[in-house]
Amino acid sequence: MGRERTYFTLTLESLRALGGWAADCAERALPIFEARAGEDTRPRAAIAGIREFAAGGRRAARLRSLAMQAHAAAREAGDPAAAAAARAAGFAAATAYTHPLADVHQTKHIVGPAAYAALLRAVYPKAKEAAPDAVVIAGALSPGGDLGENAEVRMGDLRYTEELYAAGAAPYFDMWALHNYGAQAPPDATPYPEEVNFRRAEVVRELLRHHGDGHKPLIITEGGWNDHPRWSAAVRPADRLRWTVEAYRMALEWEWLEAMCLWQLGTPWQARTYQDNWNFVASDGTPKAIYWAVREAFVPGAAPP
């Protein structure tokens with residue numbers, strides 16, 4: 001059986017609470033926009049609109065219009081930090097229309113870079129107060145550029161990171177997480193900002209260094225290659241085995257990398273799609289060739305039975 005999208009109950013009361021929270025986050029970033037374009041009231045109007053809804057107002061078409069106008073203000077801002085703050089206001093106004101779908105992509109309607117920065121700023125001190133040794137990890141963005149005419153499908157990872165820094169997030173995380181997929185290139189393929197490949201981690205690392213965060217470690221929480229025989233983005237099984245082992249060896253040389261977790265050990269179900277070909281272990285627990293290749297390379301004396 002394949003995995004199904006899961007819907008849940010999302011009442012107007014829930015949307016109002018969500019809208020109020022999003023407005024709080026966006027409002028913290030609003031002074032950044034108004035310092036640059038104080039005469040432009042569209043982002044402030046978007047936040048006022050979602051606050052009105054959160055307080056019991058109607059979910060009317062006007063909210064969509066306010067959200068779109070805030071995004072227009074972001075495009076016209078002419079400054080990355082101001083644009084991020086205006087975009088946060090637009091996302092906040094759009095929370096009234098969040099769909100009741102348990103899907104991580106729903107967060108793009110709620111947390112733009114400036115709002116995410118505001119969330120980190122609010123949470124980080126409390127986390128450190130409760131557990132001083134806690135490591136706050138940010139990032140884990142899907143690699144690649146913008147999707148959609150105005151990034152309405154996805155904002156590119158490098159752009160999102162730039163806007164997060166512009167919104168003042170630097171002091172409020174200790175480590176940066178990466179989704180570091182190899183696409184259809186070997187692990188030593190030259191890294192470029194326009195390319196998705198394994199060494200994109202180096203591009204992200206340089207971006208952090210540029211913003212004064214060269215001391216912060218990175219962690220790869222997803223990555224790797226897929227060897228499904230009928231998926232257009234897959235690679236040959238032999239290449240996957242060889243490139244995965246090479247990637248682990250390369251990662252050991254990156255002193256700034258805390259750990260690497262490739263996608264993925266396994267799932268207790270069969271999707272019967274290309275998704276099964278990320279797994280190192282079959283759904284019944286049987287190790288695949290990729291599992292044995294990595295184990296043999298890095299565990300002394302290990303070999304397939």
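Classify region 122-200 from the C-alpha gyration tensor, please: rounded if a/c falls under 1.5, else prolate or oblate depending on whether a/b exceeds b/c. Taking the square roots of the gyration eigenvalues as a ≥ b ≥ c, region 122-200 is oblate.
Note on Ala183 and Arg154: their simple-model spin labels are 1.2 nm apart, each label 7 Å out from Cα toward Cβ. Checking (1) 39, 23, 18; (2) 91, 21, 17; (3) 69, 17, 16 against the coordinates, the calculated semi-axes √(5λ) of the Cα gyration tensor in Å falls under label (1).
Taking the DSSP beta bridges with both ends in the chain, the antiparallel portion is around 20 percent.
Name the GluC sites (Glu not before Pro) in region 209-304 that are in a loop by DSSP and that have at most 12 other C-beta atoms within 10 Å, would you? Those that pass, being in a loop and sparsely packed, are Glu255. When you filter the chymotrypsin sites (Phe, Trp or Tyr not before Pro) in region 233-305 for DSSP loop state and at most 12 other Cβ atoms inside 10 Å of their Cβ, you are left with Trp269. The loop-placed trypsin sites (Lys or Arg not before Pro) in region 201-300, going by DSSP, that have at most 10 neighbouring Cβ atoms within 10 Å of their Cβ come out as Arg230, Arg272. The overall shape of region 199-305 is prolate: from the C-alpha gyration tensor, with semi-axes ordered a ≥ b ≥ c, the ratio a/c is 1.5 or greater and a/b exceeds b/c. Under a Gaussian network description of the chain, with springs only between Cα atoms under 10 Å, the residue in Ala201, Ala96, Ala60 that fluctuates furthest is Ala60. With a cut-off of 18 Å on the backbone N, the residues of region 188-225 near the modelled label site 7 Å out from Arg249 along Cα-Cβ are 188-190, 198-199, 224-225. Scaling against 2.2 N^0.38 Å puts the C-alpha radius of gyration of region 47-100 at 1.14.
For region 161-218, what class follows from the C-alpha gyration tensor (a ≥ b ≥ c being the square roots of its eigenvalues): rounded when a/c is under 1.5, otherwise prolate if a/b is larger than b/c, else oblate? Verdict is prolate for region 161-218.
Bear in mind these aren't lab numbers, they're just calculated from the coordinates by the rules spelled out. Remember, it's a predicted structure, so these values are computed and weren't measured experimentally. Ideal geometry is used to build each Cβ from the backbone, glycine not excepted, and the neighbour counts take in all protein chains shown.
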